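Novice: First the structure, which I've put down as structure tokens, then a few questions once you've had a look.
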Amino acid sequence: MDPIKSNAVPKIFALIFVVGLAICNYYLYSSTISKLESYKSEPPFLRFDFTDSYLEDRSSQAPYLADGNPKTEWRKLRPSSQKSDFDLELRLTHRLKDGVYRPTPWKEIQVSACSTKTPKLKLRIVLREAINVDKESRLPDDTDYETKVLDFSGSDTVHIPLHSNFSSVPQKDYPKGISIWAVQGNFDEIGKDVCLKDIQVLE
């Protein structure tokens, strides 16, 4: 075998390895940067179902409570292990625009039940401290905004007006001065009629 050719093969493999490594590193860097930027504008939100009703019915999932899809449903089919049946973080009070977090003019929280047979829901609305760490380890403080008992007997959709004033926040100061609209709900009853389609913050 030609010694020149035998030496060329390892060099080609080494070159391919180095180029492949460089491409992988660039992809990892660029995807991480985009994820960090996405986090700053819309961090991962907590959504808890303290009843674990999915153990009774797999179609009843905590994320369905705030997924914006009226076709998905959550039912309380088991007793809660906490004071509330669920805890949902909905939206940030601010949006990033031109290097500044500006207050979003949220006007209301809309709660959609599955039907007018859905029993009354006690809903606690809180402003939750936005902490710049991952969703598994953060322990934010809550500030009570309002607690209401929602009656769906007249309509399966209830609107709760929001009135809060926030200041703009420079991007370098994130998350200082920024909060998350969150809700905690509790039903006194258990059963298939204890059913919600969606909870959203609307402009």
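The values are calculated or read from the model by the stated rules, or taken from the named source; none is laboratory data. Computed from a prediction, not measured in an experiment: that's the story for all the values here. Cβ placement follows ideal geometry from the backbone for every residue including glycine, while neighbour counts extend to all protein chains displayed. Side chains included, ligands, DNA and RNA excluded: accessible areas come from the protein's heavy atoms. Shrake-Rupley method; radii C 1.70, N 1.55, O 1.52, S 1.80 Å.
Novice: What accessible area per residue, rounded to a whole number of Å², is obtained for segment 61-203 using a probe radius of 1.4 Å?
Specialist: Per residue, segment 61-203 has an accessible area of 53 Å².
Novice: Using a 1.4 angstrom probe with every protein chain in place, what is the largest-first accessible-area order of E146, E189? Write down the numbers at each step before the final one.
Specialist: Working: E146 60, E189 105 Å².
Ranking E146, E189 by accessible area, largest first, yields E189, E146.
Novice: A follow-up question, please. Convert each backbone phi in segment 49-56 into a coupling constant with the Karplus relation 6.51 cos²θ - 1.76 cosθ + 1.60 (shift: θ = phi - 60°), then list the ³J(HN,Hα) values in order as whole Hz, x for Gly and Pro.
Specialist: Here the 3J(HN,Hα) series is 10, 7, 8, 6, 5, 5, 5, 8 Hz.
Novice: Once ligands and nucleic acids are excluded and a 1.4 Å probe is used, how much of K197 is accessible, expressed in Å² to the nearest 10?
Specialist: Near enough 60 Å² of accessible area.
Novice: Percentage of Cα-Cα pair distances in segment 62-152 greater than 21 Å, rounded to whole percent?
Specialist: 44
Novice: How much solvent-accessible surface does H163 expose, in Å² to the nearest 10, with a 1.4 Å probe and all protein chains in place?
Specialist: 150
Novice: In a shell of Cβ-Cβ distance under 11 Å around D193, excluding D193 itself, what net charge do Lys and Arg (+1) and Asp and Glu (-1) give?
Specialist: +3
Novice: Here is a further query. Where Lys and Arg each count +1 and Asp and Glu each count -1, what net charge lies around E73 among other residues with Cβ under 15 Å from its Cβ?
Specialist: 0
Novice: Here is a follow-up. If R₀ is 30 angstrom, what is the calculated FRET efficiency for the pair E203 and T116, using the beta carbon separation as r and rounding to 0.05?
Specialist: Here the calculated transfer efficiency is 0.65.
Novice: How much length is gained if the chain between S164 and D144 is pulled fully straight, taking 0.36 nm per residue apart and subtracting their Cα-Cα distance, in nm to one decimal?
Specialist: That works out to 6.0 nm of additional length.
Novice: Between E56 and T104, what is the label-point separation in nm under the 7 Å Cα-to-beta-carbon projection?
Specialist: Going from the T104 label point to the E56 one covers 3.2 nm.
Novice: To continue, here is another question. Translational D (Stokes-Einstein, µm²/s) of segment 126-203 at 4 °C and 1.567 mPa s when Rh comes from the Kirkwood sum over C-alpha pairs?
Specialist: 84
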